[in-house]
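For reference, the structure discussed in these notes is given below.
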Amino acid sequence: MAQQTATAKKHSLCIENRAHLTATGVERIDFFSDELITAQTADGRLNIKGEGLYIENLNADTGELLVKGRVIALSYADGVRPTSVLGRIFK
């Protein structure tokens, strides 16, 4: 039973000069464009807003993400996934 407990990935962010963002604890990328990147992390959904954003590197094994471009804003949403259109209609 003790072997079944998985350790949670740690999440951290590092931004250099608003042009270079490194994140750890990234589980997956849900959406990306040159103005918005949405990633699921160990601490919830992370939204990265900016200009000219692009994913330089994503390592699925280690959970490391490297984003380049101009970072304007960061926000988190706590673990709640957006529901589909049908899910909102029949709520």
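Using a simple spin-label model with pseudo-atoms 7 Å out from Cα toward Cβ, LEU66 and PHE32 lie 1.3 nm apart.
Positive contributions from Lys and Arg (+1) and negative ones from Asp and Glu (-1), summed over other residues with Cβ under 13 Å from the Cβ of LEU36, come out at -1.
Using a Förster distance of 22 angstrom, determine the FRET efficiency expected from the C-beta separation of ASN47 and ASN17, and round it to 0.05. Using R0 = 22 Å, I get an efficiency of 0.60.
All of the numbers you see were taken from the coordinates with simple rules; none came from a lab. Not measured: the values here are computed from a predicted model. With ideal geometry, Cβ positions are generated from the backbone for all residues, glycine too; neighbour counts draw on all protein chains shown.
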